[in-house]
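Every number in this text was worked out from the coordinates using simple rules, so none of it is lab data. All values reported here derive from a predicted model rather than from experimental measurement. With ideal geometry, Cβ positions are generated from the backbone for all residues, glycine too; neighbour counts draw on all protein chains shown.
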Amino acid sequence: MVGHLSFLSGVALERKFGRDIQPGATDQFAVESYLNYQGDKFTKRFDANSLLRVTRAIDRWEWQPTRTGGIEFLFVSFSSDTLYRPEQSDELVEMATKSGGSGRHVCIDLPYGHDAFLLDGEHQGAVVREFLGR
């Protein structure tokens, strides 16, 4: 349940649930029911230890400076993503530039949290098409 909170922004949760009480319940907010459902579903699909391993691998990864030979990079982020914050993309642009390439970061302002990259095709599609010159 806690992990799922990093995928959605506070704005998205507020829009979807507000302070609504779960239909048929007298003391449970709708957001509680949703998070319980998502948490139960997640534990049936994934082994908790596999998530720990993936998290550890991500935490231990470090950029190894290499010569990028003039490669142009595009980094796209979403303003409400708390899992991969937009500032991290700025750091990647700086790393790409220092290694001989060039980088551009576009931050798309959408209220969907980390899931924005799954929910938005329009904005990020336009950014990628423009980057590729199509």
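Straightening the chain between Asp109 and Asp47 buys 19.0 nm, computed as 0.36 nm per residue apart minus the Cα-Cα spacing. Measuring spread by the Cα atoms of the chain yields a radius of gyration and Dmax of 18.8, 62 Å. Within the listed set Thr68, Thr43, Thr26, the residue fluctuating most in the Gaussian network model of the chain (springs between alpha-carbon atoms under 10 angstrom) is Thr26.
Of all DSSP-defined beta bridges confined to the chain, some 10% are antiparallel rather than parallel. Between Arg19, Arg104, Arg53, which gets the highest mean-square fluctuation from a Gaussian network model of the chain, Cα cutoff 10 Å? Looking only at Arg19, Arg104, Arg53, the biggest GNM fluctuation is shown by Arg53. P(r) tail, the range 2-59: Cα-Cα pairs separated by more than 15 Å, 60% of all pairs. GNM on the chain, alpha-carbon springs under 10 angstrom: the most fluctuating residue among Glu62, Glu87, Glu14 is Glu62. Only Lys, Arg, Asp and Glu carry charge here, each on its Cβ (+1 for the first two, -1 for the last two); on that basis the range 24-107 has a dipole of about 380 debye about its Cα centre.
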